[in-house]
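So the structure is just underneath, and the comments pick up after that.
The values are calculated or read from the model by the stated rules, or taken from the named source; none is laboratory data. Bear in mind the structure is a predicted one, so any value in this text is a computation, not a measurement. Note: ideal-geometry Cβ built from the backbone for every residue, glycine included; neighbour counts use all protein chains shown.
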Amino acid sequence: MSRLTQDGKTYIIAEIGINHNGDMAIAERLIRAADFAGVDAVKFQKRTPRISTPRPEWDRLRDTPWGTMTYLEYRERIELDVEVYKRLVGLAHGLNLDLIVSVWDLIALEEMQMGGDTYFRPTALKIPSAMLTNYKLVEETAAVEGPIILSTGMSTTSEIDQAVSAIASISSIYKMDREMTLMHCTSTYPCKPEELNLNAIPVLASKYPRFTIGYSGHEVGLAATVAAVALGAKVVERHITLDRSMWGTDQAASVEPVGFAKLVKDIRLVEQAMGDGVKRVYASEREALRKLRGVG
């Protein structure tokens, strides 16, 4: 993530995820919508469904826009292949956007290396919350050069510690100066406000002072994400959609393009409003001081 700490601003990610429903044209529209909103990066998810989908879920029937099919068939139906990702990375780079990918299994991790072609390689890799305890995947991802984002939804403190330790150990072996981001989140779609637990953000910042701390939100609305920035989140991620009424599991917890643009604007406003914490009398207050206190 080349711009993560470059200018001190919050790094804003539009999570496209699987909201493209397996349609490259929708994926491209979502990238352009994210660019319109003014984000720093877009993010996708890469899976090998037969590996990353729990076996008991394979044969569960699901009604979809393409008819009734098993859950495994559905997962395979919406998966984008490597050649599509190459095109999407190129589009994102052309718009000066970083492209990040969550890898859900070892084959997906290998595929996202894209044959050593660095231009068509994602800017950063993310280990999703669901895979935080897949320590083989965590270690293999840590062996890849570049920034890593670790999402911490549905994870205990000890599980987070173990994953962080694994990444640190592998990074040390390969002598990497690892750029590491921990994302606080709650893995419910959409998430109730009372379960967002935003106060975990400064707690993580205190516990992991060497890491960047971020927030991945799945709530409805924008206020909590803006509050996360005020609480110290340096990276924020929200799902983006063309229309929240579209079919898909993540659409209801997503933000439409105009709303995403407002979110970016509000975050930039909060960044200005935070200040440096030093109490002072501003020059703009002098007239009020004269009128109301008779001073100056």
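Counted as qualifying within segment 22-79 are the strands (runs of 3 or more DSSP E) with 1 or more residues that are in contact with a helix residue (DSSP H, G or I) (Cβ under 8 Å, 6 or more places away or on another chain) and under 18 Å from Gln251 (Cα atoms), namely 41-46, 61-64. Of everything in segment 121-143 that is surrounded by fewer than 20 Cβ atoms within 10 Å (Cβ to Cβ) and hydrophobic (A, V, I, L, M, F, W, C), the residue that is farthest from Thr186 (Cα to Cα) is Ala143. Looking only at segment 4-25, which residues are modelled with pLDDT of 95 or more and aliphatic (A, V, I, L, M)? Within segment 4-25, Ile12, Ile13, Ala14, Ile16, Ile18, Met24, Ala25 qualify. Among the residues that make up segment 46-56, is at least one of them within 30 Å of Glu271 (Cα to Cα), among the small types (Gly, Ala, Ser) and surrounded by 14 or more Cβ atoms within 10 Å (Cβ to Cβ)? No, that holds for no residue. Taking segment 57-90 as the range and being touching a residue at least 60 places away in the same chain (Cβ under 8 Å) and either aromatic (Phe, Trp, Tyr) or surrounded by fewer than 18 Cβ atoms within 10 Å (Cβ to Cβ) (or both) as the test, the residues that pass are Thr64, Pro65, Val84, Arg87.
Once segment 108-140 is narrowed to residues that are modelled with pLDDT under 95 and β-branched (Val, Ile, Thr), the residue that is nearest to Asp40 (Cα to Cα) is Thr123. Evaluation of Pro54 against the conditions (1) under 20 Å from Leu109 (Cα atoms); (2) of a type outside the set (Asp, Glu); (3) touching a residue at least 60 places away in the same chain (Cβ under 8 Å) shows that the sole unmet condition is (3). In segment 162-177, the qualifying residues are those that are assigned to a loop (DSSP other than H, G, I, E, B) and at negative phi, and the one that is surrounded by the most Cβ atoms within 10 Å (Cβ to Cβ) is Met176.
Residues in segment 81-103 that are assigned to a loop (DSSP other than H, G, I, E, B) and at pLDDT 95 or above: Leu95, Asn96, Leu97.
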